[in-house]
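All remarks here apply to the structure that follows.
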Amino acid sequence: MKIVAIVTDIEGTTSSIGFVHNVLFPYALKQIGNFIREHHEERDVMRILVRIGDRTGLALHNTEGFVKLLQQWIREDKDDADLKLLEGMVWERAYKQGLFQAHVYADVPEVLQKWQDRECNLYSFSSASIKAQQLYFRFSDFGDMRLLFSGYFDTTMGEKRDVQTYANIAQAIALEPECILFISDDKDELDAAEAAGMRTTWVIRPQDTSLDPERVRVKTTHPVVTGFEQIEVA
């Protein structure tokens, strides 16, 4: 069955893990306190804090309590949807101020354009919020890449290592899973997508991991590549 849609992970796949962990996360950790103190009464921020408060028992007026909790979650790299929304808001200011550009591997833009030209619909799927993903590709070091993507998915679809999540994505795209290629650097994510019926490709970036692609190839059912130009789409 022909592949007509491609879903790609970001961190470690299209982009460097190092940029996320050495630039984005430390910046969020440093800035989240002042951001909450300055914007906690704004509608969108307050809605997020209310949800977090309902889950954790924090009173809405306890601004410093929220700051400490969010800083702790960032240190723990907690995969929390509300935290991801707030991180996206913090990063938006930095991107717009030109403090940094989002890293994308050099092989990615040209291949994405090639796939789009072949009328494959492209999607990204990340634990980052949809807004954070859009910002990432808007302010990439290859310029604004947003027009390459037909849509974005985050963990509101489900956890990245759950089989049902990929069934949900296929349903959202309105395609049979067999028509969708999922690309990631994470074996558990790939296993879940494969179990849901999607086709898969494992991207192993030597810059981001100590895994040996040759050793991995003989032990996995997933095609293994070290760059997007090696991915076969048929």
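Brief remarks on what is shown
- Residue within the stretch 60-81 that is in contact with a helix residue (DSSP H, G or I) (Cβ under 6 Å, 6 or more places away or on another chain), more than 22 Å from Q134 (Cα to Cα) and among the aromatic types (F, W, Y) present: yes
- Flag if D80 is touching a strand residue (DSSP E or B) at 6+ places or on another chain (Cβ under 9 Å) and acidic (D, E): no
- Here Q97 meets each of (1) of a type in the set (S, T, N, Q); (2) exposed (fewer than 15 other Cβ atoms within 10 Å of the Cβ); (3) touching a helix residue (DSSP H, G or I) at 6+ places or on another chain (Cβ under 6 Å) with one exception, condition (3).
- Any chance T221 is assigned to a strand (DSSP E or B) and over 18 Å from Y105 (Cβ atoms): no
- Against the list (1) of a type in the set (A, V, I, L, M, F, W, C); (2) under 16 Å from the mean Cα position of the chain (by Cα); (3) surrounded by fewer than 22 Cβ atoms within 10 Å (Cβ to Cβ), the condition I10 fails is (3).
- Count - residues of the stretch 201-230 that are surrounded by 17 or more Cβ atoms within 10 Å (Cβ to Cβ) and not hydrophobic (A, V, I, L, M, F, W, C): 5
- When the stretch 155-175 is filtered for residues that are within 17 Å of the chain's Cα centre (by Cα), without any contact (Cβ under 8 Å) to a residue 12 or more places away in the chain and assigned to a helix (DSSP H, G or I), only N168 remains.
- Cβ-Cβ distances below 7 Å connect no pair with a first residue in the stretch 51-71 that is outside the structural domain of F35 (by TED's automatic domain parsing), a second residue that is at pLDDT below 95 and not in a loop (DSSP other than H, G, I, E, B), and a separation of six or more residues or different chains.
- Residue match in the stretch 28-38 (condition: out of contact with any strand residue (DSSP E or B) (no Cβ under 7 Å at 6 or more places or on another chain), among the aromatic types (F, W, Y), assigned to a helix (DSSP H, G or I) and surrounded by 15 or more Cβ atoms within 10 Å (Cβ to Cβ)): yes
- Residues in the stretch 72-82 that are touching a residue at least 24 places away in the same chain (Cβ under 8 Å), surrounded by 13 or more Cβ atoms within 10 Å (Cβ to Cβ) and part of a helix (DSSP H, G or I): I74, A81, D82.
- With respect to the conditions (1) buried (at least 21 other Cβ atoms within 10 Å of the Cβ); (2) in contact (Cβ under 8 Å) with a residue 60 or more places away in the chain, L190 falls short on a single one, namely (2).
- Checking V20 against (1) within 26 Å of L122 (Cα to Cα); (2) buried (at least 18 other Cβ atoms within 10 Å of the Cβ); (3) of a type in the set (A, V, I, L, M, F, W, C); (4) modelled with pLDDT of 95 or more, the condition it does not meet: (4)
- Selection over the stretch 94-123 of residues that are free of Cβ contacts under 8 Å to residues at least 60 places away in the same chain, part of a helix (DSSP H, G or I) and over 24 Å from L181 (Cα atoms) gives a count of 2.
- Unique residue being in a helix (DSSP H, G or I) and at pLDDT below 95 when the list is E214, E178, E194: E214
The values are calculated or read from the model by the stated rules, or taken from the named source; none is laboratory data. Here the structure is a predicted model, which is why all the values come from computation and not from measurement. Because the Cβ atoms are built from the backbone with ideal geometry, glycine has one as well, and the counts that use them run over all protein chains shown.
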